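Scroll down for the structure; my scribbles are underneath it.
The values are calculated or read from the model by the stated rules, or taken from the named source; none is laboratory data. Values in this document were obtained by computation on a predicted structure and should not be read as measured data. Note that we place each Cβ from the backbone using ideal geometry, even for glycine, and neighbour counts take in every protein chain shown.
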Amino acid sequence: MVLQESCEFCERLRFAGGAALSHAQPAVEIRVDGEARLGPFRPIYSYFGYDEPNYTYSANGKKLIGELAALSPVPVQIRAHHLLVTGDGTPALKWGSTNAYAEDAAGKPVYDWTILDRIFDSYIQVGARAVRPRSDSCPKRSPRLQSRTHATTQARRRQGLVFSAEGPMPSG
């Protein structure tokens, strides 16, 4: 297969009767040998993300993530958005909430991990892994949240279930 590239803008000007342009690029030829083999294909496409975390634990959500995990020769890693958004957990298009953080009438933090645990438990049940957000991505981090997150992360890390955007998290 041979591809030729030139400055389309310059070609159009020339066609329209314009003067030759000094920045016109010469044609480039690219040859691709589709029969050449370089070695085994190593998938890099096992990362998936989506905006609606509350669909994760629905029957179809679990089914879809389970099918993705079953189709992949490498572990499927999921990153759902809106995991720390305050709300009642009602699924919505391009939105979600877990109510992990809220404030009482006095403005004190109230943490509820129920919905978040359902999401991460769903990943585990179908053989997928969660991509953990970086610790500095949560602006409302408290010592209690850090302690809870650390304990959960350590337990999931021991099971090989915790990944970051940079790759597998080290044990320990």
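Below, the figures for the structure above:
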| quantity | calculated |
| --- | --- |
| Subset of the stretch 25-67 (residues that are under 25 Å from I119 (Cβ atoms), among the aliphatic types (A, V, I, L, M) and either exposed (fewer than 10 other Cβ atoms within 10 Å of the Cβ) or modelled with pLDDT under 85 (or both)) | I44, A59 |
| Residue list for the stretch 69-82, filter: part of a helix (DSSP H, G or I) and either in contact with a strand residue (DSSP E or B) (Cβ under 6 Å, 6 or more places away or on another chain) or surrounded by fewer than 16 Cβ atoms within 10 Å (Cβ to Cβ) (or both) | A70, L71 |
